[in-house]
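See below for the structure under consideration.
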Amino acid sequence: GESVGLHLPTLSVQEGDNSIINCAYSNSASDYFIWYKQESGKGPQFIIDIRSNMDKRQGQRVTVLLNKTVKHLSLQIAATQPGDSAVYFCAVAPGSARQLTFGSGTQLTVLP
Amino acid sequence: SQTIHQWPATLVQPVGSPLSLECTVEGTSNPNLYWYRQAAGRGLQLLFYSVGIGQISSEVPQNLSASRPQDRQFILSSKKLLLSDSGFYLCARGANVLTFGAGSRLTVL
């Protein structure tokens, strides 16, 4: 099976700085990776995804990096804003969504 | 719209009482639907998924059951709640990327 772990359960950054949230997975057959953002009391929201045939993908202010050699995934948020404060989850799958394994989440706090 | 509606948003129930959480979805017909539970400070655990009306797969043995009486309706139930059933229950839809509802917070006392 798959296990997914995040390196830090909490992360505090100054407003305007860049944030990096890391995630490690165990199954080398995993080929689909997703980052979700969950604000307090709400359901997770999709941020960005990446497939194993890529090592980097960029969105608006976010970048996901995938290192298949060491089975490591990271989410970078540029110019972090107060609205970025939330719990961030990585999810990993060898195939369909029903096989998604979620990490335990990193609480990002943006300091003024 | 792929909106997901969940209710109730918050529920406090005594141990041993029954439970019914409802999820309805808009948009594309015959969606894959999921029930997840999220314990405080932890990740999401898949409880049930459904690929169509009356088709339910259970991922973990537990005190809960699920039903899909209509294409866009997914119900999570229990006959007798346990304290350990407390948590945040999320309905989701999707084939690869999951879209989640706003969740139902259940507290069992």
(request) State which residue is nearest to the chain's Cα centre (by Cα) when the search covers only the stretch B:51-71 and only residues that are within 10 Å of chain A (Cβ to nearest Cβ) and modelled with pLDDT of 90 or more. (result) B:S57
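Is there a residue in the stretch A:18-37 that is more than 19 Å from A:G5 (Cα to Cα), of a type in the set (G, A, S) and in contact (Cβ under 8 Å) with a residue 12 or more places away in the chain?
The answer is no; no qualifying residue exists.
Kindly evaluate B:L90 against the criterion of being closer than 20 Å to A:C90 by Cβ, touching a Lys or Arg at 6+ places or on another chain (Cβ under 8 Å), in contact (Cβ under 8 Å) with a residue 60 or more places away in the chain and surrounded by 21 or more Cβ atoms within 10 Å (Cβ to Cβ).
Yes, satisfied.
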(message) Looking for something of a type in the set (K, R) and farther than 25 Å from B:G101 by Cα - is there at least one such residue anywhere in the stretch A:44-64?
(response) yes
(request) Within the stretch A:36-90, count every residue that is among the acidic types (D, E), open to solvent by 40 Å² or more (accessible area, probe 1.4 Å) and away from chain B (no Cβ under 13 Å). (result) 1
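The values are calculated or read from the model by the stated rules, or taken from the named source; none is laboratory data. Not measured: the values here are computed from a predicted model. Positions of Cβ are generated from backbone atoms using ideal geometry, with glycine treated the same way; all protein chains shown enter the neighbour counts. All accessible areas refer to the heavy atoms of the entire protein, side chains included, with ligands and DNA or RNA removed. Shrake-Rupley method; radii C 1.70, N 1.55, O 1.52, S 1.80 Å.
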